[in-house]
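**Q** The structure is given below, and queries will be raised subsequently.
What follows draws every value from the coordinates through simple rules; no lab data is involved. The structure displayed is predicted, hence computed values, not measured ones.
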Amino acid sequence: MTHNTPMAMEQEEITSLLLNEQREAFMAAKTLESDLQFAFSLQIQEAINASLNHQSNPSTSHSPPPPPPPEDDVFDYTNLLLADLDRLDQERRDREQCQAETMNMIRDLDRRIHDQQLASEIKGIPDAEWQNDGDFYEKPYSYDDDKNKLNVRGTCRIYFKGMVSEERIRDTRVMVGGIGVAICDPRDNLVFEFGKALEDAETISNERAQLEALVHGLTVAKSLNLDRICFLVDDYMVYQYVTQRCQPGQSKIATLVHHVASLQQQFTYCQPSYVAQNDIKFAFKLARDAIVSQIIWPIEASGGKRLKETCAVCFEDVDVAQMFSVDGCLHRYCFSCMKQHVEAKLLNGIIAKCPYEGCKSDIDVDSCGKFLDTRLVEIMSNRMKEASIAVTEKVYCPNLRCSALMSKHDVLDYTKSVIVDAETFGARKCLKCNLFFCINCKVPWHYNLTCNDYKSQPNPDDAMVKSLAQSKRWRQCVKCNHMVELLEGCYHITCRCGHEFCYTCGAEWKSKKPTCKCPIWDERNIIRGGRPHRQGPRR
């Protein structure tokens with residue numbers, strides 16, 4: 001993509017003049033050729049008539065002979081040349097329009113970058129200084145048409161992503177691909193972004209799609225006249241290719257790698273940086289949106305056109321508005337299937353992940369409110385919080401009206417704000433109810449008693465709980481002292497703290513295997529026999 005520099009504009013004017021002169025010359029030649037052809041035809045006709053008159057017999061009457069058959073049409077090269085000139089002239093006009101639109105885009109981007117930089121500078125000015133001199137602070141915007149480039153100081157970043165995915169359109173499985181590119185300034189403010197569908201995705205690998213996206217990103221950065229570029233790579237093999245640590249085996253990939261190297265040489269600075277997939281979320285969403293755009297279709301409805309998409313689980317054609325997109329991977333499924341999937345995982349005490357085969361993306365709790373009951377969203381949030389805290393770090397508030405889950409590290413930091421040298425004491429302050437409890441005994445704080453003294457004193461509540469637990473055949477977890485009741489199922493118990501043990505004797509389970517010889521289940525607990533179903537402990 002070129003720009004309208006003075007030299008380029010002069011060259012365009014010369015090209016336009018030459019095309020007009022050539023067109024006039026061809027038109028004059030065509031007119032002359034037409035005149036000569038007409039004169040030649042008249043001469044031929046006169047010669048034929050004179051010959052016929054000389055050979056004819058005056059005593060007999062003959063009808064005039066038929067005119068000679070027309071000669072084969074001669075190919076008109078002049079029209080072909082004129083058509084080529086018209087095509088070249090149209091390409092020139094299209095190029096001029098493209099250059100003008102590019103210049104307008106660069107000016108708009110440059111103005112946006114100027115505003116972002118100005119806002120950042122104003123934000124960094126102290127309030128007292130701004131109060132005194134803020135009315136006189138100014139930084140007018142100006143653009144240098146001669147340089148025709150963005151006013152960016154520092155190294156810009158190119159986020160890119162190319163991907164190929166197997167999707168379903170009604171009853172057909174198809175391979176579709178897409179690329180996404182996002183260019184950001186040194187402060188990571190978005191400068192330019194675009195997404196594009198890839199053709200012939202059936203023959204394109206993910207590595208090739210990644211390189212296609214990188215080529216597009218570098219080409220756009222060059223068209224914006226950016227000097228210093230850092231492009232972020234999340235694919236290990238692509239990073240090996242562009243750093244020339246590994247040579248690709250396929251010729252098409254090798255061609256793309258060579259193209260990338262050629263583009264890199266056109267910048268003052270252009271280097272890759274290997275990052276995690278989460279660091280390219282801008283481009284990842286653009287690429288995924290490009291894929292989704294290829295698997296939806298409009299249908300006529302009473303309220304106008306509606307977009308439909310096929311759910312990959314139930315294979316039903318669903319309104320696009322009723323499709324759920326998993327945040328981490330952007331795989332899409334209908335609300336009904338996602339509701340069943342998440343509820344089934346919750347009932348089994350498992351954090352729900354993306355249903356796509358081999359995908360390990362967690363399902364965001366906040367976004368589940370679109371299809372889940374509020375109570376289930378709260379349960380899911382608690383489950384994810386439990387999973388994020390190590391078993392040895394988990395602690396629950398002993399207040400019966402609270403029971404908040406916390407990590408020992410967080411509750412210690414919270415307690416330090418009210419107790420000096422909190423590390424040497426057992427007292428902790430709950431993050432939710434703000435009541436103090438003993439981190440060692442897991443009971444409300446015993447102010448004037450040590451842990452040993454507290455345990456040696458008879459506690460009516462403890463005796464009542466122990467008596468109730470014995471009568472109800474409850475089992476206490478040795479890790480967190482949490483009481484567990486078996487309602488139905490086998491004797492393999494998984495406590496909320498993650499500890500696994502035998503419900504019969506309390507022996508620990510290791511690697512999903514018991515360390516005792518107790519029976520694993522009782523038939524009375526497995527077969528309900530018409531009893532109402534109740535949710536038992538997690539296993």
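**Q** Relative to the compact-globule scaling 2.2 N^0.38 Å, provide the ratio for the alpha-carbon radius of gyration of region 295-388.
**A** Computed over Cα atoms of region 295-388, the ratio equals 1.17.
**Q** Another question about this same structure. Amide H neighbours of Val313 under 5 Å, at least 5 residues apart or on other chains, H built in the peptide plane: list them.
**A** Hits under the 5 Å cutoff: Cys334.
**Q** So if I take the centroid of the Cα atoms in region 113-142 and the same for region 361-403, what is the distance between those two points in Å?
**A** If you average the Cα positions of each part, the centres end up 44 Å apart.
**Q** Bin all alpha-carbon pair distances of region 156-290 at 5 Å intervals from 0 and give each bin's fraction as a whole percent.
**A** 2, 11, 21, 24, 20, 13, 5, 3, 1, 0, 0
**Q** Express the relative contact order of region 295-388 as a whole percentage, based on alpha carbon pairs under 8 Å and six or more residues apart in sequence.
**A** This gives 18 percent for region 295-388.
**Q** What are the ³J(HN,Hα) couplings of region 486-492, residue after residue, when phi is run through the Karplus curve with 6.51, -1.76, 1.60 and θ = phi - 60°? Round to Hz, x for glycine and proline.
**A** Per residue, the Karplus-derived 3J(HN,Hα) values read 8, 8, 6, x, 7, 8, 7 Hz.
**Q** What percent antiparallel are the DSSP beta bridges of region 156-290, to the nearest 5? Provide the component values of the computation, followed by the final result.
**A** Values: 21 of 31 bridges.
Bridges in region 156-290 that DSSP calls antiparallel: roughly 70 percent.
**Q** If you average the C-alpha positions of region 174-209 and of region 224-264 separately, how far apart do those two centres end up, in angstrom?
**A** Spelled out, the Cα-based centre of one part sits 15 Å from the other.
**Q** What residues qualify as long-range amide H neighbours of Asp327, i.e. H under 5 Å apart, gap of 5 or more or another chain, H built at 1.01 Å from N?
**A** Those qualifying (amide H under 5 Å, at least 5 residues apart or on another chain) are Asp364.
**Q** Something else: Can you run phi through the Karplus equation (6.51, -1.76, 1.60; θ = phi - 60°) for region 249-263 and list ³J(HN,Hα) in whole Hz, with x for Gly and Pro?
**A** Ordered by residue, 3J(HN,Hα) equals x, 8, 5, 5, 5, 4, 5, 5, 4, 5, 5, 4, 4, 5, 5 Hz.
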